[in-house]
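*Asks:* Here it is, the structure in full.
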2 protein chains.
Amino acid sequence: MQTKILLEESQIPKQWYNVIPDLPGPLAPVINPRTLKPVTPDDLTPIFPMAIIEQEVSTQRWIDIPEPVREIYRLWRPSPLFRARRLEQALGTPAKIYYKYEGVSPAGSHKPNSAIPQAYYNKQAGIRRLATETGAGQWGSSLALACSMFGLECTIYMVKVSCTQKPYRKSLMELWGGKVIPSPSEFTNAGRSILAQDPSSPGSLGIAISEAVEDAASHADTNYALGSVLNHVCLHQTVIGLEAKEQLKIAGDYPDVVIGCCGGGSNFGGVAFPFLADRAAGRQVRCLAVEPASCPTLTKGVYAFDYGDTAKMAPIAKMYTLGHDFMPPGIHAGGLRYHGDSPLVSQLYHFGQIEARAYRQNACFEGAVLFARHEGIVPAPESSHAVRAAIDEAVLAKEEGKERTILFCLSGHGQLDMAAYDSFLSGNLEDYEYPEESIRKSLANLPEVE
Amino acid sequence: MQTKILLEESQIPKQWYNVIPDLPGPLAPVINPRTLKPVTPDDLTPIFPMAIIEQEVSTQRWIDIPEPVREIYRLWRPSPLFRARRLEQALGTPAKIYYKYEGVSPAGSHKPNSAIPQAYYNKQAGIRRLATETGAGQWGSSLALACSMFGLECTIYMVKVSCTQKPYRKSLMELWGGKVIPSPSEFTNAGRSILAQDPSSPGSLGIAISEAVEDAASHADTNYALGSVLNHVCLHQTVIGLEAKEQLKIAGDYPDVVIGCCGGGSNFGGVAFPFLADRAAGRQVRCLAVEPASCPTLTKGVYAFDYGDTAKMAPIAKMYTLGHDFMPPGIHAGGLRYHGDSPLVSQLYHFGQIEARAYRQNACFEGAVLFARHEGIVPAPESSHAVRAAIDEAVLAKEEGKERTILFCLSGHGQLDMAAYDSFLSGNLEDYEYPEESIRKSLANLPEVE
């Protein structure tokens with residue numbers, strides 16, 4: 001009985017799937033925070049190459065993956081699809097559980113799927129350096145890797161408190177040639193103005209975004225790169241779902257439910273969008289986005305126009321949001337801390353095309369430990385949300401006495417996150433649900449856009 | 001152009017290759033440290049199951065891999081063989097560089113290749129618990145994983161100072177259900193006698209071995225498991241080389257040189273032994289064992305009978321040794337710290353069948369960073385020794401203007417070893433060569449065996 005379903009390198013998708021033409025209704029516009037009018041390509045050229053700007057609004061259903069990008073994808077793609085037979089047995093479920101494992105990338109997560117093409121398009125556009133921000137470091141390390149592959153410099157504004165708490169992610173970025181700057185820094189106006197108010201500021205993702213965008217906008221040879229949320233990032237991640245469909249075909253299976261963890265939304269979109277495309281052909285597949293109860297954007301937020309960042313410098317997008325003032329609690333172990341969500345995922349959720357569910361982190365780690373003891377792989381804390389949901393779906397199938405085919409994305413491994421497991425195993429991981437009261441507060445400050 | 005060569009799960013080897021019948025000369029005996037006479041199976045039954053004892057001395061060239069072991073191997077095997085095209089290009093070498101990547105196992109190294117069958121044979125023999133020791137934690141975590149797969153308990157005596165320095169490996173073992181005991185402990189006579197002399201003893205691998213063996217010998221339901229050195233461990237690791245041969249066949253290639261890092265010798269033996277077997281058929285392949293200059297067993301030690309441990313409780317084996325009193329310096333980053341070497345590797349080296357080379361650790365990390373920036377994967381510090389040697393062989397090929405096919409084993413990834421990379425990148429990694437003077441000293445205490 002086969003455990004993994006592998007594809008040949010020649011089967012790495014040749015095109016990404018773009019969900020925009022298949023959205024329920026037209027794509028909501030993105031608004032310039034200064035003019036309060038729809039963003040134009042000219043607004044974006046200071047920080048993005050034209051190829052990326054085009055992908056952001058393209059209505060082409062299929063977009064070619066450049067050959068040099070596929071060349072780098074070969075270092076780890078196609079990623080394996082596993083049948084979790086040992087977990088199924090442990091649960092005594094009639095359900096079949098498949099997981100698409102993205103932890104085989106050199107960075108240990110799905111993030112390089114978008115970092116590689118972003119580095120490529122910037123290199124093609126004659127850019128010399130990319131600037132970005134990172135919190136836990138998954139995206140920063142992936143972009144450093146991608147830049148090293150295409151000979152670009154990489155500047156990463158890393159939330160200062162994370163530099164101290166996660167020194168190893170910092171080392172990983174430096175190993176791949178990235179330059180890590182603790183944020184807030186003295187290198188940007190945004191950073192200096194924060195430091196002037198509070199010289200010992202621990203930083204935040206919002207501040208780091210502002211610094212990276214300013215760096216890119218103020219240097220002609222430098223662009224900006226974002227690791228989730230935006231349409232082109234979700235587009236790049238569809239290699240996950242496209243490969244999984246081919247692999248399930250080989251297994252003679254099709255999922256009843258597709259599960260992904262959801263922070264900015266690119267991992268969930270990556271695995272789920274290609275299956276949504278099959279609905280036109282009459283396939284009935286549920287898609288379930290799983291988020292932390294400490295940052296419950298889809299399940300407790302509102303669908304509204306909101307700023308992409310705390311400093312109100314990033315474009316205003318229509319999305320599920322907890323308000324740009326939302327402050328994710330420091331005790332939350334994984335990533336998935338963004339106040340908003342991918343506009344594409346948000347629009348699909350708003351129109352009832354996908355489902356969402358929130359879990360507290362102890363339930364997720366519990367699921368991850370059960371998974372690791374039977375399947376071996378240690379899930380990243382982010383991925384543990386998908387693991388938990390898959391287990392619950394399988395247990396439900398058992399209770400209902402129904403067969404069911406479950407596919408989830410195991411977006412990364414957790415070997416760089418052992419401190420969080422340590423807290424969990426020693427009973428010191430704080431459980432937490434973001435209070436409704438605080439959400440109401442941060443939702444009071446949404447911008448007024450017609 | 002293909003980057004990875006993959007095999008189907010059905011191509012996981014069905015038999016391990018046993019090098020014993022192909023050794024130059026008969027297998028040297030192993031000596032009981034109390035009687036100074038050859039060890040008998042009865043000496044070993046208190047700590048090993050009969051299946052393992054038989055493998056230790058078997059003269060069968062091929063030994064069947066039990067189906068339940070192959071079932072677990074499927075979780076990550078066959079492991080991929082990569083062609084390092086981007087590294088070749090960076091070096092401008094005419095050489096082809098292939099690497100067999102063992103970091104795809106859930107533990108991130110080759111160690112589970114032997115942990116899985118050891119757990120299996122013990123489970124078959126009715127054993128309830130395994131005891132072992134660990135330093136850096138690679139072996140301890142692999143055995144915890146294996147025990148979790150077969151429903152065995154696992155007790156790991158972990159060198160006390162490593163528990164503090166490497167808390168994440170400890171968490172990894174606990175995640176997989178292992179019980180980690182800082183050594184020296186109060187649980188054994190060996191531990192108590194050390195603590196009586198020095199209550200704040202930081203521990204050592206030698207002490208931890210003594211504790212684990214005592215634990216196993218004094219509990220009928222408990223056995224002992226070792227992660228390298230012994231013949232059966234090298235045997236289990238030959239899946240590496242056997243798969244690599246099949247994969248190179250697909251590529252239409254055969255190596256001129258096979259390279260592995262060498263501490264206890266099981267990783268080197270695993271990749272090299274199956275190629276040595278081809279010599280009978282007239283194939284000329286060099287096999288190169290690479291060790292750290294801080295623990296230069298093959299290159300600076302002597303071929304003699306010596307104790308397996310500091311406490312002189314483990315059997316006496318004929319091997320290359322630096323003397324059982326050898327104290328590896330604390331500044332050495334990776335594993336590969338054992339005073340002796342696999343008797344099989346030693347015998348082959350003594351009779352000129354294989355080569356050996358030692359590197360200082362900064363040269364190894366330099367090679368590993370070059371590798372990571374072109375191939376993506378971050379090598380484990382141990383594996384970086386093989387990386388360095390492969391790079392040097394490729395550069396030599398360039399200087400000589402010769403084509404050459406190089407195969408090396410990338411035995412694991414380094415994402416749990418970022419502290420060492422951090423030291424290297426910040427210029428704080430101490431370089432070190434073990435002084436000849438100290439080797440002469442520790443070699444003065446070899447046991448007298450005829």
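What follows draws every value from the coordinates through simple rules; no lab data is involved. Quantities reported herein were computed from a predicted structural model and do not represent experimental measurements. We place every Cβ from the backbone using ideal geometry, glycine too, and count neighbours over all the protein chains shown.
*Asks:* Can you sort B:271, B:69, B:285, B:239 from fewest to most other Cβ atoms within 10 Å of each residue's own Cβ?
*Replies:* B:285, B:69, B:239, B:271
*Asks:* Further question on the same structure: Under 8 Å for C-alpha pairs, at least 6 residues apart: give me the relative contact order for the stretch A:1-65, rounded to a whole percent.
*Replies:* Contact order relative to length: 49 percent.
*Asks:* Would you mind ranking B:279, A:77 by Cβ crowding within 10 Å, fewest neighbours first?
*Replies:* B:279, A:77
*Asks:* Here is a further query. Once you have the Cα-Cα distance between residue A:312 and residue A:54, take 0.36 nm times their residue separation minus that, and quote the gain in nm to one decimal.
*Replies:* So the chain would gain 90.5 nm between residue A:312 and residue A:54.
*Asks:* Which order do peptides A:27-39, B:7-19, A:154-166, B:34-46 fall in by mean Cβ count within 10 Å, highest first?
*Replies:* In decreasing order of mean packing, A:27-39, B:7-19, A:154-166, B:34-46 become A:154-166, B:7-19, A:27-39, B:34-46.
*Asks:* Compute the convex hull volume of the Cα atoms of the stretch A:341-450, divide it by the residue count, and report the result per residue in Å³ as a whole number.
*Replies:* Per residue, the Cα convex hull of the stretch A:341-450 comes to 168 Å³.
*Asks:* Here is a follow-up. Between residue B:35 and residue A:285, how many nm apart are label points set 7 Å from Cα along the C-beta direction?
*Replies:* Those two pseudo-labels are separated by 6.6 nm.
*Asks:* Determine, from the Cβ-Cβ distance of residue B:254 and residue A:402 and an R0 of 51 Å, the FRET efficiency 1/(1 + (r/R0)^6), rounded to the nearest 0.05.
*Replies:* Efficiency, from the Cβ-Cβ distance: 0.45.
*Asks:* Right, another one. What average number of partner chain Cβ atoms lie no more than 10 Å from the Cβ of the residues making up B:414-420?
*Replies:* Counting Cβ atoms of other protein chains within 10 Å of each residue's Cβ and averaging gives 5.
*Asks:* Right, another one. Roughly how many Å is it from the Cα centre of the stretch A:75-95 to that of the stretch A:360-390, as a whole number?
*Replies:* When both Cα centres are located, 13 Å separates them.
*Asks:* May I ask for the distance between the Cα centers of the stretch A:39-66 and the stretch B:245-321, given as a whole number of Å?
*Replies:* Measuring centre to centre over Cα atoms gives 54 Å.
*Asks:* Can you sort B:426, B:384 so the residue with the fewest Cβ neighbours within 10 Å comes first?
*Replies:* B:426, B:384
*Asks:* Please give the contour-minus-distance gain from residue B:445 to residue B:196: 0.36 nm per residue of separation, less the Cα-Cα distance, rounded to one decimal in nm.
*Replies:* Once the chain is fully extended between residue B:445 and residue B:196, it gains 87.1 nm.
*Asks:* Over all residues in B:163-171, what is the mean tally of Cβ atoms on other chains that come within 10 Å of each residue's Cβ?
*Replies:* Mean partner shielding for this stretch: 3.
*Asks:* Further question on the same structure: Remind me, relative contact order of chain B in percent, using alpha carbon pairs under 8 angstrom and six or more residues apart?
*Replies:* Dividing the mean separation by the residue count of chain B yields 19 percent.
*Asks:* Over its Cα atoms, what ratio of radius of gyration to 2.2 N^0.38 Å does the protein assembly as shown give?
*Replies:* Output field value: 0.95.
*Asks:* Now, a different point. Answer with one residue from A:438, A:222, A:5: the one whose Cα lies farthest towards the positive end of the charge dipole of chain A, charges on Cβ with Lys, Arg +1 and Asp, Glu -1.
*Replies:* The listed residue farthest towards the positive side: A:5.
*Asks:* Also: Listed here are the pairs A:300/A:441; A:111/B:4; A:245/A:300; A:245/B:14; which of them are more than 24 Å apart at the Cα?
*Replies:* A:245/A:300; A:245/B:14
*Asks:* Calculate log10 I(q)/I(0) of the stretch B:1-110 for q = 0.17 Å⁻¹, where I(q) comes from the Debye formula with a single equal point scatterer on each Cα and nothing for solvent.
*Replies:* Debye intensities relative to I(0), on a log10 scale: -1.00.
*Asks:* Run down the aspartates and glutamates and flag those whose C-alpha is under 15 Å from the C-alpha of residue B:402, throwing out any fewer than 8 positions away in its chain.
*Replies:* Once the sequence-local aspartates and glutamates are set aside, what remains near residue B:402 is B:88, B:256, B:392, B:393.
*Asks:* Kindly provide the GluC sites (Glu not before Pro) of the stretch A:107-187 that DSSP labels as loop, not H, G, I, E or B, and whose Cβ sees at most 10 other Cβ atoms within 10 Å.
*Replies:* Answer by residue number: A:186.
*Asks:* To the nearest 20 debye, what is the magnitude of the charge dipole of chain A about its Cα centre, counting +1 on the Cβ of each Lys and Arg and -1 on the Cβ of each Asp and Glu?
*Replies:* So the magnitude is around 740 debye.
*Asks:* Further question on the same structure: How much net charge surrounds residue B:402 when only the other residues with a Cβ under 11 Å from the Cβ of residue B:402 are counted, with Lys and Arg +1 and Asp and Glu -1?
*Replies:* Charge balance near residue B:402 sits at -3.
*Asks:* I would also like to ask the following. Would you list, by chain and number, the aspartates and glutamates whose Cα falls below 14 Å from the Cα of residue B:160, excluding same-chain residues fewer than 8 positions away?
*Replies:* The reachable aspartates and glutamates, counting only those whose Cα sits under 14 Å from residue B:160, are B:133, B:186, B:198, B:211.
*Asks:* Take the Cα of residue A:428, step 7 Å along the line toward its Cβ, and report every residue of the stretch B:158-187 whose backbone nitrogen sits under 13 Å from that point.
*Replies:* Flagged as within label range: B:167-168, B:171.
*Asks:* In peptide A:369-375, how many Cβ atoms from other protein chains are near each Cβ within 10 Å, on average?
*Replies:* Per residue, the average neighbour count from other chains is 4.
*Asks:* Then there's this: As an exercise, use a Förster radius of 56 Å and the Cβ-Cβ distance of residue A:186 and residue B:42 to find the FRET efficiency, rounded to the nearest 0.05.
*Replies:* 0.20
*Asks:* Going by a ≥ b ≥ c, the root eigenvalues of the Cα gyration tensor, does chain B fall in the rounded group (a/c under 1.5), the prolate group (a/b larger than b/c) or the oblate group?
*Replies:* It comes out rounded by the Cα gyration axes.
*Asks:* Sticking with this structure for a sec: Treating only the Cβ of Lys, Arg, Asp and Glu as charged (+1, +1, -1, -1), what charge dipole size does the protein assembly as shown show about its Cα centre? Round to the nearest 20 debye.
*Replies:* Dipole of the protein assembly as shown, to the nearest 20 debye: 1000 debye.
*Asks:* Still on this structure: Under 16 Å between alpha carbons, and skipping anything fewer than 8 positions from residue A:398 in its own chain: which lysines qualify?
*Replies:* Within the straight-line cut-off, residue A:398 pairs with A:96.
*Asks:* While we're here: Assuming R0 = 51 Å, what is the FRET efficiency of residue A:64 and residue A:161, from their Cβ-Cβ distance, to the nearest 0.05?
*Replies:* Calculated transfer efficiency: 0.80.
*Asks:* Can you give me the Cα centroid spacing of the stretch A:425-450 and the stretch B:158-218 in angstrom?
*Replies:* 44 Å
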